[in-house]
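Computed from the coordinates by the stated procedures, all read-outs in this text should not be read as laboratory data. Only a predicted model underlies this, so the values are computations on that prediction, with no experimental measurement involved. So basically every Cβ, Gly included, is an ideal-geometry build from the backbone, and we count neighbours across all protein chains shown.
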Amino acid sequence: MNDKSVSTERNILVNKYICNYISKRWIVNRVDENGKEVTKRQYAKDCNLATSTITKLQRPEGYNIPFAIINSICTKENIILSVFFSDFEKEYGVSIIDKYLAKK
């Protein structure tokens, strides 16, 4: 694999894991203060995003998530970006992508 394809694959994996992390942490099985399930539509509205964006986040393969989307979700969740990325690294580990690529 040349450097460009390794870099491209690494970016695809980072996006996938970020989307999976956001989905698992804040979207899947989310309930409001009354115990009622929060719909994708409502969560999107709360984040000032399109419902289709939330749908893409929930795909197992993720998508090429723009930084602005991450920022919108972190703003809604009252979490600063440095904490988001720190928590993400604790969940997935920084070397998970390199381990995956090494297996190929």
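Key figures for this structure:
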{"item": "Given charges at beta-carbon only (K, R positive; D, E negative), |dipole| of segment 1-59 in Debye", "result": "140"}
{"item": "Unit charges at the beta carbon, dipole of the chain: most positive-side option, N20, C47, N71", "result": "N20"}
{"item": "Surrounding net charge for P60, when Lys and Arg each add one and Asp and Glu each subtract one, Cβ distance under 15 Å", "result": "+3"}
{"item": "Exceeding the 22 Å Cα-Cα cut-off - candidates K40/K76; K16/K56; K16/K36; K24/K76; K24/K90", "result": "K16/K36"}
{"item": "Normalised contact order of segment 3-103, rounded percent, pairs of Cα under 8 Å and 6 or more residues apart", "result": "32"}
{"item": "Pair A50, E9: separation of 7 Å Cα→Cβ label points (nm)", "result": "3.1"}
{"item": "Student exercise, the chain dipole from Lys, Arg, Asp, Glu Cβ charges, in Debye to nearest 20", "result": "320"}
{"item": "Given [x] 6.1; [y] 8.2; [z] 7.2, the label whose value is mean projected area of the Cα convex hull in nm² derived from this model", "result": "[z]"}
